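J.: Before anything else, here's the structure in question.
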Amino acid sequence: MRKPWNSDINIRDLIRPDILDIEEYIPLVPPEVWAKQMDIPLERIVKLDGNENPYGCSPRVQQALAEFQRYHRYPDTTHMEIRCLLEDYVGIDAQHIMVGNGSDELIDLLLRLLLVPGDKTINCIPTFGMYSFSTEICGGTVTKVTRTPGYDIDMDKVGAAVDDRTKIIFVASPNNPTGNAVPPETIRDLLALGPVVVVDEAYYEFCGTTVAPWITRYDNLIVLRTFSKWAGLAGLRVGYGLFPKEIIDHLWKIKPPYNVNIAAQIAVRESLIDLGYLRETVQAIVTERDRLFLKLKNIDYLLPLPSQANFIYVRLLQRQGLEVKERLKQDGILVRYFDTPLLRNGIRISVGRPADTDALIDKLTKG
Ligand SMILES: *Cc1c(COP(=O)(O)O)cnc(C)c1O
């Protein structure tokens with residue numbers, strides 16, 4: 001077909017060269033699709049691959065969303081109501097709080113605010129994938145600093161990696177997928193290095209240690225949290241960040257106005273009103289985590305790492321993790337498999353309900 005405009009233009013040449021170089025993302029098959037393929041009823045799928053809350057969200061959320069009458073109106077762009085509730089929950093003034101479409105969005109916004117092409121971020125690997133993903137999309141370069149063999153932050157190596165193009169140091173605490181938390185003293189040492197330190201506390205509620213109160217003391221500390229894991233709202237996409245004034249004032253300028261939809265805002269409000277219920281499910285998950293850990297430890301070919309989150313990373317000895325994962329999948333049990341230089345032959349198992357643990361352990365012992 002003849003183009004009515006200059007036909008010398010190749011569409012591919014219009015795409016940013018650095019993005020052409022990024023590898024294509026292979027999306028996970030949703031459990032609904034997979035259940036249909038396998039002819040297993042969806043309720044029978046034991047989904048332990050996404051670190052989601054198996055008990056779901058607060059019943060108050062379900063009810064409020066069903067009764068709400070104003071879905072035809074745009075949401076509040078400043079998320080005032082939930083920021084005020086978060087002020088009580090976190091104990092930090094609302095002027096330091098911004099809410100995002102998942103904490104993933106806040107990672108991306110922050111990078112867009114701070115990075116110009118060629119700037120660097122430091123990533124303490126192995127860790128959560130979004131820090132490097134978003135850094136690259138924002139034109140930055142990721143400096144990978146390997147954690148110690150016990151997956152702690154290697155302070156000497158991080159210190160040596162910081163240079164005058166380094167804008168951000170990312171640390172997940174507890175870390176995904178290894179489950180260990182970063183001691184507050186280490187975070188204090190990282191803050192002394194100068195660049196912005198992002199402490200990702202996505203699993204805070206399962207762990208209990210936080211540096212959130214330090215927000216008013218350091219101008220280079222950012223704490224990220226999410227409602228996806230403990231509050232059972234992964235599908236609605238809400239996270240929040242605690243930021244120093246100097247950063248949040250400029251973040252507001254680049255935030256997409258309607259980034260958090262009205263259903264998500266209602267869900268957060270109802271969750272924060274129903275903390276008693278949510279704390280019970282968090283407690284049930286923590287208790288189950290400890291039971292699951294002991295059961296895994298008793299299986300001779302498994303080496304589980306102690307975890308402060310709602311998942312356990314397990315190293316496989318003498319067996320192929322991929323095969324174990326596939327065999328569990330045939331029985332409707334989904335876990336996450338890792339095989340990278342730093343995470344050789346392992347699986348990450350999200351903590352489910354007691355019956356989920358029993359089904360999993362049964363398969364792992366018989367298999
Ligand atoms: C799951 C996870 C998040 C993502 O949170 P969303 O709010 O769902 O975007 C962020 N950080 C870590 C370490 C996670 O494991």
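J.: Out of the residues in segment 280-317 meeting the condition of being free of Cβ contacts under 8 Å to residues at least 24 places away in the same chain and within 21 Å of the chain's Cα centre (by Cα), tell me which one is surrounded by the most Cβ atoms within 10 Å (Cβ to Cβ).
T.: Filtering segment 280-317 for residues free of Cβ contacts under 8 Å to residues at least 24 places away in the same chain gives 280, 283, 287, 290, 293-294, 297-298, 300-301, 303-304, 317.
Checking the rest, the ones that are also within 21 Å of the chain's Cα centre (by Cα) come to 283, 304.
Values: 283: 12, 304: 21.
Here the answer is 304.
J.: Still on this structure: Please go through (1) in contact (Cβ under 8 Å) with a residue 60 or more places away in the chain; (2) in contact with a helix residue (DSSP H, G or I) (Cβ under 7 Å, 6 or more places away or on another chain) for residue 105 and return the number of the only condition it doesn't satisfy.
T.: (2)
J.: For residue 5, all conditions in the list (1) over 22 Å from residue 281 (Cα atoms); (2) at pLDDT 95 or above hold save one; what is the number of the exception?
T.: Status for residue 5: all satisfied but (2).
J.: It is to be established whether one or more residues within segment 200-209 are within 12 Å of the ligand (Cβ to nearest atom), surrounded by 23 or more Cβ atoms within 10 Å (Cβ to Cβ) and over 13 Å from the mean Cα position of the chain (by Cα).
T.: Yes, segment 200-209 has at least one match.
J.: It is to be established whether one or more residues within segment 119-138 are over 19 Å from the mean Cα position of the chain (by Cα) and touching a residue at least 60 places away in the same chain (Cβ under 8 Å).
T.: no
J.: Another one. All but one of (1) over 30 Å from residue 114 (Cα atoms); (2) within 16 Å of the ligand (Cβ to nearest atom); (3) not aromatic (Phe, Trp, Tyr) hold for residue 298; state the number of the condition that does not hold.
T.: With respect to (1) over 30 Å from residue 114 (Cα atoms); (2) within 16 Å of the ligand (Cβ to nearest atom); (3) not aromatic (Phe, Trp, Tyr), residue 298 is out only on (2).
J.: Could I ask something else about it? What are the residues in segment 36-53 that are under 9 Å from residue 332 (Cα atoms), in a loop (DSSP other than H, G, I, E, B) and either under 20 Å from the mean Cα position of the chain (by Cα) or at pLDDT below 90 (or both), if any?
T.: The answer is 40, and nothing else.
Here is a yes/no grid of residues against (1) under 21 Å from the mean Cα position of the chain (by Cα); (2) at pLDDT below 95; (3) in a loop (DSSP other than H, G, I, E, B):
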| position | (1), (2), (3) |
| --- | --- |
| 98 | yes, no, no |
| 113 | yes, no, no |
| 117 | no, yes, yes |
| 151 | yes, no, yes |
| 158 | no, no, no |
| 169 | yes, no, no |
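J.: Of the numbered conditions (1) in a helix (DSSP H, G or I); (2) within 16 Å of the chain's Cα centre (by Cα), residue 177 satisfies every one except a single condition; which is it?
T.: (1)
J.: Something else: When you check residue 7 against the structure, is it assigned to a loop (DSSP other than H, G, I, E, B) and either within 30 Å of residue 272 (Cβ to Cβ) or free of Cβ contacts under 8 Å to residues at least 60 places away in the same chain (or both), yes or no?
T.: Yes: the conditions hold for residue 7.
The values are calculated or read from the model by the stated rules, or taken from the named source; none is laboratory data. This structure is a prediction, so every number in the text was calculated from the model and none was measured. Positions of Cβ are backbone-derived with ideal geometry, glycine not excepted, and every protein chain shown enters the neighbour counts.
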